Amino acid sequence: MSAEPIEETIRKFALQNAAFFKGKANPKAVVGKILGGFPEYRSKTAEITQLINSIVAEVNALSPEAQKEELAKTAPELLVKEKKERTYELPDLAGAEKGHTVMRIAPGPSGPLHIGHTRVSILNDEYTKRYGGQLILRFEDTNPEKIDPEAYDMIPEDLAWLGVKCTKTYTQSDRFEIYYDYTRRLIEMGKAYVCTCNGEKWRDLKEHKLACPCRDLPVEEQMERYDRMMSGGYEAGKAIAVVKTDIAHPNPAIRDFVALRLVDTPHPRTGDKYRAYPMMNLSVAVDDHLMGMTHVIRGKDHLNNTLRQKYIFDYFGWKQPEYIHYGLVNIPDTVLKTSLIKQSIQKGEYSGWDDVRTGTVRALERRGIRPEAIRRYWIESGIKSVDIQFSWDGLYSMNRDIIDPISDRYFFVQDPVRYDIEGTDAIVGQAPLQPDHADRGFRFYRLDGPKTVFITEKDSRAFAQNKEVRLKDLCNLTYGTPAQYAGNDTAVLKKGVHAVQWVSRNSVPAEVLMPDGTVARGLVEETILHEPSNTVQFERFGFVKLEQKTSEKVTAVYTHN
């Protein structure tokens, strides 16, 4: 660049800065580039700054598309942004030994996984890979009212897509007899009891640090009650098995907690075989011990559960796992609750678990969000106890880093308006499939015979007002019916003429499903029919994932801009 006039060098740096910062170049940044690269101008700082300010103002008057198009022609190497790689790494696990960690992912099978579930799944997987231990998938299905039988298959599929590898799988509904056995042992030890009090009364007594009348009954009587409970001698809701803690504990949530409850709802897997259903603090404590958990990652909303489960570990003399409690995450602007999604599917409001209006893993996959982006997001979020707000823009930015270099570009014209062109016999042009990778090839254009193009309704209104327009990578037009060919000089961009996307009469009808469930309709250039990838970028519209490509119709799902 040093051999060219300084004005041209300044303009290139201004165009580069604008391209990287949403169309607005910062004159101070350009001054820094010039004075840093050309020290001979430092003695003329005032003069060079005035010149830079003038050129930056000209550049900022152009549309972002015009800026990039000019830079691509004059200095395409400046379009490649040098990225400063930042390395994020999770902290070491306390007491972890190579090859000896055992961790777990423990979903309730009420539906497929959603974006919130991916956090604990990826964190556990990252640590298992680091230490070379075991990662257990455990279905915690002890609440028969909240089970979707299909989830037993959907969850492993979701984990596989995320790149999470589990070494073993357990299902708690297969393990009821184990939980019964440990409950019996607790009662025999005097560490648990069977309560037949009214539930409201039992909770009220606890709240006031008072024991219910059942708590101190002799062990023999407790065992009789337990046998009766197991043999169907009590109606549902009339008896519970309770683990004793400190009835005067300063935290009411820690005082005596339920181990077993009676439920008449059939279980999707076991039917009516069992009526006594273990509560999570019993089943989780027993399983974490028997499965040899060394480290448990969970949200800090489980802090009280950790304290409750410690009683069971202490009663049996078991070594507790190391617990890591991360902060809660608020995920805005999406539907996550599986019961609500399922209702909407049943009502025909949602197309299925992969409906793009939801935050399920399946919906993210359908939209073109890559698992590597989700993994990077949670690693960079870390495992601290502070609460966080999930950023969709942050995830999209990470996903963009992955798909941008591999996404070919195509023109998509939404709500198309037709223009016939006169004034020349033929018009030819070409555009790179990927501006940063010329080796990927080009899209070649030739309009002859009846020359017809389509541009968006929005661009058509601007064309009618401004009387001039540039068809990107093709030619310039002046307004009229028909429009008139006005050459192919890109210098019109410096005058503020807008460059717009367009398609020819050989284009293909296209529909893009948007994140809010609406459909954007228009035309896409026919060369997309030969595109080998399912992820592309519709210029000035956004990245999309292709679902169907035929000469009659192209359908896609919007990813992000």
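Since every read-out is calculated from the coordinates, none of them should be taken as a lab result. Treat the numbers as computed from the prediction; the structure is a model and nothing was measured. Please note: Cβ atoms are built from the backbone with ideal geometry, for glycine as well, and neighbour counts cover all protein chains shown.
A few notes on this one:
- Given the alternatives [x] 34.4; [y] 32.1; [z] 26.8, mean projected area of the Cα convex hull in nm² as computed for this entry is given by [x].
- Relative intensity, log₁₀ I(q)/I(0), of the stretch 198-272 from a Debye sum that treats every alpha carbon as a point, q = 0.11 Å⁻¹: -0.33
- Considering the stretch 231-300 at the alpha-carbon level, its Rg and Dmax are found to be 14.9, 40 Å.
- Viscosity 0.890 mPa s, 25 °C: Kirkwood-radius Stokes-Einstein D of the stretch 20-163 over Cα pairs, µm²/s: 117
- Convex hull per residue volume in Å³, alpha carbons only, for the stretch 243-363: 174
- Cross-link pairs beyond the 27 Å C-alpha cut-off, checked among K451/K549; K451/K553; K384/K545; K273/K300: K384/K545; K273/K300
- Annotation: extensible slack from D153 through E89 equals 19.9 nm (criterion: 0.36 nm per residue apart, minus Cα-Cα distance).
- Using 0.36 nm per residue and subtracting the Cα-Cα separation, the extra length available between D516 and A491 on full extension is 5.0 nm.
- For the stretch 6-79: span of alpha carbons on each principal axis (Å, largest first): 35, 22, 17
- Kirkwood hydrodynamic radius of the stretch 445-528, from the reciprocal of the average inverse Cα-Cα distance over all distinct pairs: 14.0 Å.
- For the stretch 408-561, dividing the convex hull volume of the Cα atoms by the residue count gives 118 Å³ per residue.
- Per the Debye formula on identical point scatterers at the alpha carbon atoms of the stretch 519-561, with no solvent, log10 I(q)/I(0) at q = 0.15 Å⁻¹ is -0.31.
- Protection-proxy order for peptides 455-462, 411-418, each taking the mean of Cβ atoms within 10 Å per residue, highest first: 411-418, 455-462
- Under-5 Å amide H pairs with V536, H placed in peptide plane, nonlocal only: V544, L546
- Taking the DSSP bridge list for the chain and keeping only pairs wholly inside it, about 65 percent are antiparallel.
- Label-to-label distance, F316 versus Q346, with points set 7 angstrom from Cα along the beta-carbon direction: 3.6 nm.
- Förster-model FRET efficiency, 60 Å R0, E145 and D425, C-beta, rounded to 0.05: 0.25
- Here is the P(r) of the stretch 130-248: all C-alpha pair distances, binned every 10 Å from 0, give 11, 31, 26, 19, 13, 0 in whole percents.
- Per-residue ellipticity at 222 nm computed for the chain from its helices equals -10500 deg cm²/dmol, with DSSP H segments shorter than 4 residues left out and the rest contributing -39,500 (n - 2.57).
- The stretch 175-242 and the stretch 411-425 have their alpha-carbon centroids 78 Å apart.
- Label positions at K24 and E77, each projected 7 Å from the Cα along the C-beta direction, are separated by 3.1 nm.
- For the stretch 221-372, DSSP calls about 55 percent of its internal beta bridges antiparallel.
- Helix 457-466 vs. the chain, principal-axis angle (Cα, 0 to 90°, nearest 10): 30
- FRET E, pair D448, N53, Förster distance 56 Å, beta-carbon r, rounded to 0.05: 0.75
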